[in-house]
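Asker: Here you go, one structure.
The values are calculated or read from the model by the stated rules, or taken from the named source; none is laboratory data. Computed from a predicted model, the values in this text were never measured in an experiment. For neighbour counting, all protein chains shown are included, and Cβ atoms are generated from backbone atoms with ideal geometry for every residue, glycine included. Surface accessibility is based on the protein's heavy atoms, side chains included, excluding ligands, DNA and RNA. Shrake-Rupley method; radii C 1.70, N 1.55, O 1.52, S 1.80 Å.
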Amino acid sequence: MPQDRWERIRGGLYGLLIGDALGVPYEFSSPEDIPERHLIEMSPPSGFARAHRAVPVGTWSDDGAQALVLLDSLVTCSSLDLKQFSDGLLAWYRTGFMTPDGHVFDIGIQTMQALGNYARSGDPLTCSPSDERNNGNGSLMRALPCAFFLTPTSTDIIARARKQSMPTHAHLRSQLACALYALMAWQMVEGGTPIEALDYAQGTLEEAVHPTERLELGIVLDGRLEPSKGSGYVVDSLWSAIRCVLATSDYEACLRNAIALGNDTDTTACIAGGLAGILYGEQGIPVRWKEALNGRAIVENTLSRLAIGQATVA
Ligand SMILES: [Mg+2]
């Protein structure tokens, strides 16, 4: 495995987990209440009304845990087995699987409904709410590991990213947002610049979708014309994060920009942090943030299993 490719993969996984953990205390704040950029740290400045006060500093939330569940599932099964993956999501929800301390403190309403349905029906393809309004960023935030495996085709990446969305976010818009993000991340893992990777992802997805899916893809792609809000809506969340990557030249600035948007700060920073981690590699992540991350043994264990098994995932 080329050293620099592995460095980018490690950077991507740490990048998303650290983005999530960094954003947790700032979640739900409006942009005007977010501290000045240089004060955005794992521990917010004194006087800031932090969210999730009981959660230890440096703890990833649902975003990071679900991304680790997906990565673990891909490594375990050598492909995306939707039932095994959904069982992992349920184990996270019920027992804190892939959390640093067994404690689940952040779960989206839609994901809770979907996993409740899955617990009753056992069917990962029908358990998700799928109305147009059910397009939160809850499957986008965990999609990055789809891009970590050797020699898949773009068709494999698209299929894997869409499929992993199904158990909780089955609407076509969410599936396509995940596919765009995973394609972009994959190209960056392979060494592309963010702009090259984004152009590739858009062009590839436009060619790959079925004609009946073009309207929804248009809605996803048109999100690039809207201002960043850092909200929980999948289209805004995707483009808010991508713009943070495109507008900055190091990991730290990218994450601070993501959190400065306010609102769904942990998820915007997670989605942006995954791409920025790939772009700048593990070495580009500030040591103080990495050292502040809880649960690093879980990350290293998962990465070592990925290093052994990644060539075989289809
Ligand atoms: Mg979260």
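Asker: Given a 1.4 angstrom probe, what's the average accessible area per residue across the chain, in square angstrom?
Answerer: 38 Å²
Asker: With the chain treated as a Gaussian network of Cα nodes joined by springs under 10 Å, which of Pro129, Pro211, Pro194 yields the largest mean-square fluctuation?
Answerer: Pro211
Asker: Could you sort Phe148, Phe105, Phe28 by accessible area so the largest value comes first, with the probe set to 1.4 Å?
Answerer: Largest accessible area first, the residues go Phe28, Phe105, Phe148.
Asker: Put a dot 7 Å past each Cα toward the Cβ at Glu207 and Ser79; how far apart are the dots in nm?
Answerer: Between Ser79 and Glu207, the label points sit 2.5 nm apart.
Asker: Once you charge only the Cβ atoms, +1 for Lys and Arg and -1 for Asp and Glu, what is the size of the charge dipole of region 230-313 about its Cα centre, to the nearest 20 debye?
Answerer: On the way: 6 positive and 8 negative charges, 23 e Å.
About 120 debye.
Asker: Please work out the Kirkwood hydrodynamic radius for the chain, using every pair of different C-alpha atoms, and report it in angstroms with one decimal place.
Answerer: 18.8 Å
Asker: Quote the accessible area belonging to Cys77 in square angstrom, nearest 10, computed with a 1.4 Å probe and with ligands, DNA and RNA left uncounted.
Answerer: 40 Å²
Asker: Taking 0.36 nm per intervening residue step and subtracting the Cα-Cα distance, what contour gain separates Thr153 from Met112 on full extension?
Answerer: 11.5 nm
Asker: Taking the Cα atoms of region 1-133, what is the range of coordinates along each of the three principal axes, in descending order and whole Å?
Answerer: 46, 41, 31 Å, listed from the longest principal axis down.
Asker: Also, quick follow-up: Using a 1.4 angstrom probe on heavy atoms only, work out the carbon and sulfur share of the accessible area of region 1-106 in %.
Answerer: Ligands and nucleic acids excluded, carbon and sulfur give 51 percent.
Asker: I would also like to ask the following. With r as the distance between the Cβ atoms of Ala297 and Asp222 and R0 = 45 Å, compute the FRET efficiency 1/(1 + (r/R0)^6) and round to 0.05.
Answerer: Values: r = 43 Å, r/R0 = 0.95.
In this case the efficiency is close to 0.60.
Asker: Suppose R0 equals 35 Å; then what is the FRET efficiency for Thr126 and Val287 from their Cβ-Cβ distance, rounded to the nearest 0.05? Write out the running numbers ahead of the final one.
Answerer: Numbers: r = 46 Å, r/R0 = 1.30.
Efficiency for this residue pair is about 0.15.
Asker: A follow-up question, please. Residue farthest toward the positive end of the dipole of the chain, with Cβ of Lys/Arg at +1 and Asp/Glu at -1: which of Val55, Ala143, Ile271?
Answerer: Going by the charge dipole, the pick is Val55.
Asker: Something else about it: Bin width 10 Å, origin at 0, all Cα-Cα pairs of region 118-269: what percent of pairs per bin?
Answerer: Per 10 Å bin, starting at zero, the Cα-Cα P(r) for region 118-269 comes out as 12, 41, 36, 10, 1 percent.
Asker: Where the Cα atoms of region 96-170 are projected onto their three principal axes, how long is each span, largest first, in whole Å?
Answerer: So the extents along the principal axes, rounded to whole Å, are 35, 33, 23.
Asker: With n ≥ 4 as the cut-off for DSSP H runs, can you work out [θ] at 222 nm for the chain, using -39500 (n - 2.57) per run divided by the number of residues, rounded to the nearest 500?
Answerer: Details: 13 runs with 177 residues, N = 314.
Estimated from H runs of four or more residues: -18000 deg cm²/dmol.
Asker: Would you work out what percent of the accessible area of region 111-194, with all protein chains in place, is carbon or sulfur (probe 1.4 Å)? Present the calculation step by step, with values, prior to reporting the outcome.
Answerer: Working: 1270 of 2550 Å².
Using a 1.4 Å probe with all protein chains present, region 111-194 comes out at 50 percent carbon and sulfur.
Asker: Once you charge only the Cβ atoms, +1 for Lys and Arg and -1 for Asp and Glu, what is the size of the charge dipole of the chain about its Cα centre, to the nearest 20 debye?
Answerer: Values: 24 positive and 36 negative charges, 98 e Å.
With Lys and Arg at +1 and Asp and Glu at -1, about 480 debye.
Asker: Report the far tail of the P(r) of region 207-313, meaning the percent of Cα-Cα pairs longer than 21 Å.
Answerer: That tail contains 49 percent of the Cα-Cα pairs.
Asker: Express in whole angstrom the spacing between the alpha-carbon centres of region 173-201 and region 147-167.
Answerer: Measuring centre to centre over Cα atoms gives 11 Å.
Asker: Right, next: If you put +1 on each Lys and Arg Cβ and -1 on each Asp and Glu Cβ, how big is the dipole of region 129-250 around its Cα centre, in Debye rounded to 20?
Answerer: Using only the charged Cβ atoms, the result is roughly 360 debye.
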